1. Tell me what the chain gives for mean residue ellipticity at 222 nm when only DSSP H runs of n ≥ 4 count, each as -39,500 (n - 2.57), the sum divided by the residue total, rounded to 500 deg cm²/dmol.
2. Would you mind classifying region 119-228 by shape? Square roots of the alpha carbon gyration tensor eigenvalues, ordered a ≥ b ≥ c; an a/c under 1.5 is rounded, otherwise it is prolate if a/b is larger than b/c and oblate if not.
3. Subtract the Cα-Cα distance of HIS26 and VAL70 from 0.36 nm times their separation in residues, and report this length gain in nm to one decimal.
4. With springs only between Cα atoms under 10 Å apart, run a GNM on the chain and tell me which of TYR107, TYR120, TYR84 wobbles the most.
5. If you average the sequence gap of Cα pairs under 8 Å that are 6 or more apart and divide by the length of the chain, what percent do you get for the contact order?
6. Got a number for carbon plus sulfur as a percent of the chain's accessible area, 1.4 Å probe?
7. Please work out whether the chain counts as rounded, prolate or oblate from its C-alpha gyration tensor, where a ≥ b ≥ c are the square roots of the eigenvalues and a/c under 1.5 means rounded, while otherwise a/b larger than b/c means prolate and anything else oblate?
8. For the chain, which span is the longest to avoid every loop-located (per DSSP) member of GluC sites (Glu not before Pro) having at most 15 other Cβ atoms inside 10 Å?
Amino acid sequence: MANHSQFSFQDASSPIMEELVEFHDHALMTALAICTLVLYLLTLMLTEKLTSTTVDAQAIELVWTILPAVVLIMLALPSLQILYMMDEINEPDLTLKAIGHQWYWSYEYTDLKDITFDSYMTPTADLPLGHFRLLEVDHRVVVPMESPVRVIVTADDVLHSWAVPSLGVKTDAIPGRLNQTSFTASRPGVFYGQCSEICGANHSFMPIVVESVPLPVFENWSSLLSSQ
């Protein structure tokens, strides 16, 4: 969960998010190196008298052509690797369908029998002590930890977006179309997200809460819900 003074990402709770944070740090260090070099050259130009008859102009042109290409390759290769990893969905243990409405989410556990529910934001007046205002819901999405989960995302009315930052998940919900994404929660916990598409007046009031629990706890939860 992010705090008010936080400048970095939330703690990664899935392998994909760990890769995204690592790529962010890699790109940031590359940008820092470029900015440092440019600042050094600007300082040199302003403070020194740059005259030389020994420097080959063709060599300089070769360097400032090849160097940016190398930098772009250093950024493009890990970026493409992460994109393919995010797109890869191999034999998920659980399939979850998320349907966006104005302004709440509906969930269907398609692999389990008769588990469907709506998830509304908990009003501030009904909020238990210690829970987060505008982020808590009446029915959380419960998933087993360390199990690949496929999420099929769609919408019933307008564009929505199912996003949970700490899990590295953000997928648009489009009426009449099924988009899919996947994640694997690497630790138990409660992870918060929100609709990340401007979908109307109450856009800010349709949060997403994913609770990752051990497999036996999930089995007990699902059997209890199916018997109701």
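1. -12000 deg cm²/dmol
2. oblate
3. Once the chain is fully extended between HIS26 and VAL70, it gains 14.4 nm.
4. The residue with the greatest mean-square fluctuation here is TYR84.
5. Dividing the mean separation by the residue count of the chain yields 21 percent.
6. Here it works out to 60 percent.
7. The shape class here is prolate.
8. Numbers: sites that count: GLU48, GLU88, GLU146.
Between exposed loop sites, the widest span is 147-228.
The values are calculated or read from the model by the stated rules, or taken from the named source; none is laboratory data. It should be emphasised that the depicted structure is a prediction, and the values quoted were computed from it without experimental measurement. All Cβ positions, even for glycine, are placed from backbone atoms using ideal geometry, and neighbour counts span all protein chains on display. In case anyone asks, the SASA skips ligands and DNA or RNA and just uses the protein heavy atoms, side chains included. Shrake-Rupley method; radii C 1.70, N 1.55, O 1.52, S 1.80 Å.
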